[in-house]
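Heads up, the thing below is written out as structure tokens.
The values are calculated or read from the model by the stated rules, or taken from the named source; none is laboratory data. Keep in mind that what you see is a predicted model, and the values were worked out from it rather than measured. Every residue, glycine as well, gets a Cβ built from its backbone with ideal geometry; the counts of neighbours run over all protein chains shown.
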Amino acid sequence: MSTEKRLSAPELVDEIRSSLAATTGWIPILSGPDGPTGLPETASLSEVAQSLRKFANAPAMPAAVAQQLRRASASATAGIAADDTTAYGHLGAAYAYVVQARLATSDDTTS
């Protein structure tokens, strides 16, 4: 039996938000100096969803990464108004898409 702990909904949001952090997030770095700015550590879920969408549409964003960020944004947006159980599923999906976007950056640089 696995002893790994499942992330809570707030932890999922924190993980996604850290990817978008203004000073340390990998997504703002990837979008280049002319791309959108990152988020503060206190950004709300709706701000996170909007930011994911903005970064997905940044001109310098690789297409494979942008596609995953759009999906993450849609999932995060769906989680905003959902009940707790459904919101958790949407946040988990958003986090998974962000992880896939990160993996796509590796694929993009090794091709």
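Any chance the range 77-84 includes a residue that's within 19 Å of Glu15 (Cα to Cα) and touching a Pro at 6+ places or on another chain (Cβ under 9 Å)? Can you show your working first?
Step one: of the range 77-84, the residues within 19 Å of Glu15 (Cα to Cα) are 77-80, 84.
Add one more test, that the residue is touching a Pro at 6+ places or on another chain (Cβ under 9 Å), and what stays is none.
For the range 77-84, residues within 19 Å of Glu15 (Cα to Cα) and touching a Pro at 6+ places or on another chain (Cβ under 9 Å): absent.
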### Query
Would you say Leu69 is surrounded by fewer than 18 Cβ atoms within 10 Å (Cβ to Cβ) and under 17 Å from Ser19 (Cα atoms)?
no
#### Entry: Residues being basic (Lys, Arg) and modelled with pLDDT under 95 - total across the range 43-89
0
### Task
Could you list, in sequence order, all residues of the range 46-95 that are more than 19 Å from Pro36 (Cβ to Cβ), among the acidic types (Asp, Glu) and free of Cβ contacts under 8 Å to residues at least 24 places away in the same chain?
Asp83
### Task
Report, by residue number, each residue of the range 1-36 that is outside any helix (DSSP H, G or I), surrounded by fewer than 18 Cβ atoms within 10 Å (Cβ to Cβ) and of a type outside the set (A, V, I, L, M, F, W, C).
Ser2, Thr3, Glu4, Lys5, Arg6, Ser8, Thr23, Thr24, Gly32, Pro33, Asp34
#### Entry: Those helices (runs of 4 or more DSSP H) lying entirely in the range 37-111 with at least 2 residues over 20 Å from Thr24 (Cβ atoms) and among the polar types (S, T, N, Q)
63-80, 84-110
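Please find, among Ala87, Ala93, Ala43, the residue that is surrounded by 14 or more Cβ atoms within 10 Å (Cβ to Cβ) and either more than 25 Å from Arg6 (Cα to Cα) or under 11 Å from the mean Cα position of the chain (by Cα) (or both).
Working: Ala87 fails: either more than 25 Å from Arg6 (Cα to Cα) or under 11 Å from the mean Cα position of the chain (by Cα) (or both); Ala43 fails: either more than 25 Å from Arg6 (Cα to Cα) or under 11 Å from the mean Cα position of the chain (by Cα) (or both).
Only one candidate qualifies: Ala93.
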### Checklist (1) surrounded by fewer than 18 Cβ atoms within 10 Å (Cβ to Cβ); (2) under 17 Å from Ser8 (Cα atoms) applied to Val98, failing item
(1)
